[in-house]
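Before any comments, here is the structure.
The values are calculated or read from the model by the stated rules, or taken from the named source; none is laboratory data. Keep in mind that this is a model prediction, so the values were computed, not measured. Neighbour counts are summed over all protein chains in view; Cβ atoms, including those assigned to glycine, are modelled from backbone coordinates with ideal geometry. Surface areas here come from the heavy atoms of the whole protein model, side chains and all, with no ligands, DNA or RNA. Shrake-Rupley method; radii C 1.70, N 1.55, O 1.52, S 1.80 Å.
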Amino acid sequence: MSFAVLQEKINAKKNPTVMGLDPKLEYVPGYITDEVIKKFGRTKKAAGEAIFALNKGLIDSCFDLVAAVKPQSAYYEMYGLDGLEALYRTVEYAKSKDLYVILDGKRNDIDETAKAYSAAYLGETDIFGETQKILDADCLTVNAYLGIDGIRPFLENCEKFNKSIFILVKTSNKSSGDFQDIVVDGEPFYEKIAGKILEWGSAAHLGAVIGATYPKQLEDLRKLMPETFFLVPGFGAQGGAADDVKPAFDKDGGGVIVNSSRAIMRAWMKTNDGENFGKYAREEVVCMRNAINKALGEYYK
């Protein structure tokens, strides 16, 4: 789905946040892990079942509050094929709840390989003469390091299937400046990437990842990219706060989806009440929503 669809969902929920689904087994309440181990043993199958149960519970508890979910593929890949099955089931289940699904894969490669990535996540794959959707996410995070050759296949499928991509610009991690802040022709390299995004495609399908942990850069990039949709990670566990993300919003108070993962998924661990993990996740989502909307001057109770 294009970013216009995502904005519609944000407006309907009055909540510019996305729930990150980055599961580890240590985040899964004990009653779930006990059940899957009893049934499948200490196996990868049990791991996959446990993380899907966690995700399903989180979605059930929060789908009426959030516009989107963002599963990070690495947290599924580390559990092998059973983890990937959990990822596919999570995407399917989230879409059944009318949520916008952003797959955080940060994919990129040379043109032919990028075509394969794009087919897997956004488009269709030819299987013995018949095209089939594979994962079918609404949006994918991508890396622009290889240039337009590695971006064009994603853009083509975005336009063909009404999907979208977020390109990494200024990421939330502490060492992002090792490369992103290098000055090239008088401006930091991340601004060069931002400029290319403006050249490469329509703002309907092509957005930018800019971390909440760098609010000054976030403000500068919004001025540079007034119509670009921003994915803003780093809220909560990574240190980003409501006032930090405020400069990301466009002149109409939109154009942003703010991510929190660990703070939501691990909310139940503050009380060690795993039986009610969904309740604590919901409370964290409401707290995040209210904080951001209050910072924007639009506090929805």
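A few remarks follow.
- Amide H contacts under 5 Å for Phe229, placed H, 5+ residues apart: Ala208
- Solvent exposure of Ser96, expressed as accessible area, is near 80 Å², computed with a probe of 1.4 Å over the protein chains only.
- The stretch 197-273-the stretch 2-26 distance, computed between alpha-carbon centres (Å): 11 Å
- Calculated Rg and Dmax of the stretch 122-202 using C-alpha coordinates, Å: 15.5, 52
- Size descriptors for the stretch 24-172 (Cα atoms only): Rg and Dmax, in that order, 16.5, 50 Å.
- Cα extents of the chain along the three principal axes, largest first (Å): 60, 54, 36
- An ellipsoid equivalent to the stretch 1-89, defined through the eigenvalues of its Cα gyration tensor, has semi-axes of 29, 14, 9 Å when rounded to whole angstrom and sorted largest first.
- Carbon and sulfur %, accessible surface of the chain computed with the full protein complex present, 1.4 Å: 50 percent
- Counting only whole DSSP H helices of the chain, the ones at least 20 Å long by C-alpha along their axis and with mean Kyte-Doolittle hydropathy no lower than -1.0 are 44-62, 80-96, 277-295.
- Net charge in the neighbourhood of Thr113 (other residues with Cβ under 11 Å of its Cβ; Lys, Arg +1, Asp, Glu -1) is -2.
- By the rule of a C-alpha distance below 27 Å, with chain neighbours fewer than 8 residues away ignored, the lysines paired with Lys45 are Lys24, Lys56, Lys70, Lys95, Lys97, Lys106, Lys133, Lys279.
- The chain, relative contact order [Cα under 8 Å, separation at least 6], %: 19 percent
- The stretch 133-188 - charge dipole about Cα centre, Lys and Arg +1 at Cβ, Asp and Glu -1, debye rounded to 20: 240 debye
- Residues of the chain: accessible area per residue with a 1.4 Å probe, Å²: 45 Å²
- Of the chymotrypsin sites (Phe, Trp or Tyr not before Pro) in the stretch 82-139, those whose Cβ has at most 14 other Cβ within 10 Å and which sit in DSSP loop: Phe128
- Within the listed set Phe230, Phe161, Phe179, the residue fluctuating most in the Gaussian network model of the chain (springs between alpha-carbon atoms under 10 angstrom) is Phe179.
- Counted over the stretch 187-301 with a bin width of 10 Å, the fraction of Cα pairs per bin, in whole percents, is 14, 40, 29, 14, 4, 0.
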